[in-house]
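To keep things clear, I will list the structure first and then write my remarks on it.
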């Protein structure tokens, strides 16, 4: 018999969602930190940060493989770190990598030396695992079951806004220019300041998970002090969990397209066209993320399995459309990468620019569909925050492993058609395996089956979870210790219940 926690359903209260310790607000804050780090950072690369030196080509060939290889392992370790040190410190630590990496690009563009820039790439690989795992933790662990897709869509929306802002900055800087103008020292300093500011936001506004309180007055779970031994054992158990393991191949393939399409974007389009492409793709990814949320939560399909299968169908359609459009465009054209690209631009030849631009837009929509699908499947594998931190780390590790492989392959300048065909086949195979996972492991709810989880009042009522005795606040914490005005303890009794 499995035990869970619920709050006395006869004494429900309503707290405003716009509190600092609200799950929604915490998700918005962590998402904003992402927008100010990897989101806005891309403006620097589009403006030519670190380019123009004889060593720039060597740097670009090495740094991505180093960065994403390290990122893979630190993401897995970041899950236990979040449970031990908390998301506040892990998220703040994660932001430092971008500031150091920008400093490395500054050194590269100023001196051409490779030592510190390569170190900064390796350091970013370490910290990025903590950044993405911590933010994934807030979107996956803080949301009630019925809102998990909403939290994921909210996070992706804010990241895309930051990325679109970065692209807009790059477009404004490079408008009408044939090559990047380079980055002035003051711009490097400004971006470092933005990344540092993101860390300050995390330190001051991310709160202890045990104090996060839903609008109905319930807390997330009954937390206990994590030990390193428990966390390492938890990682092993996470890999053994079929609800997670069966989706790891899909996670590995979800970003395989990024290096090859980025390379093709640079090869095919002019500088200002590339900046416009990026800005529009990020803006269009926002409604795509919310369409995913609509499919997962629609009342038109009565079972969760049917809704997720509808989402998976949408993912498959977008993947087929994107890859086939791109491979089809390549099939009738010169694909030798050693020959300079056409540098297409809307200002010189609008009709020639429009065709590959349409292809690029479709490809850009592949990112939020498959990413959000894998994160959602991870988020519904458990409602226990301690498990979700490990799951978030693992699910963010495998895309980085795929990226490291993809960057390594793309750096050899394999013909686009061969490379893309191989990645397309791998992606389709991973989605076939994902279909098996959805069909076999998707249930309606996990509420009432996990000992530490505090069941939201609305869900407890809907599921008919009965009340028992042994009343206690989660973690034994009195309401006045939360730092907000809470209902009296007599009105907020959390009780242990037995669920079959």
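What follows draws every value from the coordinates through simple rules; no lab data is involved. Just so it is clear, the model here is predicted, and its values are computed rather than measured. Neighbour counts are summed over all protein chains in view; Cβ atoms, including those assigned to glycine, are modelled from backbone coordinates with ideal geometry.
So how much slack lies between residue 196 and residue 361, counting 0.36 nm per residue of separation and subtracting their Cα-Cα distance, in nm? List each step's numbers first, then the result.
Numbers: separation 165, 0.36 × 165 = 59.40 nm, distance 3.23 nm.
Result for the pair: 56.2 nm of gain on full extension.
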statement: Simple SL model, points at 7 angstrom along Cα→Cβ for residue 338 and residue 444; separation in nm is 6.4 nm
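Taking 0.36 nm per intervening residue step and subtracting the Cα-Cα distance, what contour gain separates residue 421 from residue 284 on full extension?
Numbers: separation 137, 0.36 × 137 = 49.32 nm, distance 2.52 nm.
Contour length minus Cα-Cα distance gives 46.8 nm.
Sorted from fewest to most neighbouring beta carbons within 10 Å, what does the list 308, 235 look like? Before the final figure, lay out each step's value.
Details: 308 24, 235 17.
Least to most surrounded, the residues fall as 235, 308.
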task: Could you give me the percent of Cα pairs per 10 Å distance bin for the range 108-186, shortest bin first, beginning at zero and ending with the bin that holds the maximum distance?
output: 14, 25, 32, 20, 8, 0
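With n ≥ 4 as the cut-off for DSSP H runs, can you work out [θ] at 222 nm for the chain, using -39500 (n - 2.57) per run divided by the number of residues, rounded to the nearest 500? Before the final figure, lay out each step's value.
Numbers: 18 runs with 327 residues, N = 500.
The per-residue figure over the chain is -22000 deg cm²/dmol.
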- prompt: When only Cα pairs under 8 Å and 6 or more residues apart are kept, what is the percent relative contact order across the range 243-345?
  reply: 46 percent
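Would you mind calculating the relative contact order of the chain from Cα pairs under 8 angstrom and at least 6 residues apart, reporting the percent as a whole number?
Details: 901 pairs, mean separation 148.8, N = 500.
Once normalised by length, the contact order is 30 percent.
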- prompt: Any idea how far apart residue 203 and residue 19 come out in nm if each label point goes 7 Å out from Cα toward Cβ?
  reply: 2.7 nm
task: Mind pulling the angle between the C-alpha long axis of helix 350-364 and the longest principal axis of the chain? Nearest 10 degrees, somewhere in 0 to 90.
output: 30 degrees
query: Relative to the longest principal Cα axis of the chain, at what angle does helix 148-174 sit, 0 to 90 degrees, rounded to 10?
result: 30 degrees
statement: Sorted on mean Cβ neighbours within 10 Å (highest first), peptides 65-74, 290-299 come out as 65-74, 290-299
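Show me the ranking of peptides 379-386, 132-139 by mean Cβ neighbours inside 10 Å, starting with the highest. Write down the numbers at each step before the final one.
Details: 379-386: 22.9, 132-139: 29.2.
Top to bottom by mean Cβ count within 10 Å: 132-139, 379-386.
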message: Between residue 414 and residue 61, what is the label-point separation in nm under the 7 Å Cα-to-beta-carbon projection?
response: 1.8 nm
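Seen from all sides and averaged, what is the projected area of the convex hull of the Cα atoms in the chain, in nm²?
Details: hull surface 92.3 nm².
In nm², the orientation-averaged hull projection of the chain is 23.1.
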message: What do you get for the angle between helix 416-441 and the principal long axis of the chain? Use alpha-carbon atoms, 0 to 90 degrees, nearest ten.
response: 10 degrees
statement: Length gained if residue 84 through residue 298 is fully extended, taking 0.36 nm per residue and subtracting the Cα-Cα distance, is 73.4 nm
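Given a Förster radius of 56 Å and the C-beta distance between residue 327 and residue 240 as r, what FRET efficiency does 1/(1 + (r/R0)^6) yield to the nearest 0.05? Could the numbers behind the result be given before it?
Numbers: r = 37 Å, r/R0 = 0.66.
Approximately 0.90, to the nearest 0.05.
Going by average Cβ neighbours within 10 Å, how do the peptides 238-244, 301-307 rank, with the highest at the top? All intermediate terms of the calculation are to be shown ahead of the outcome.
Details: 238-244: 16.6, 301-307: 14.9.
Highest mean packing first, the order is 238-244, 301-307.
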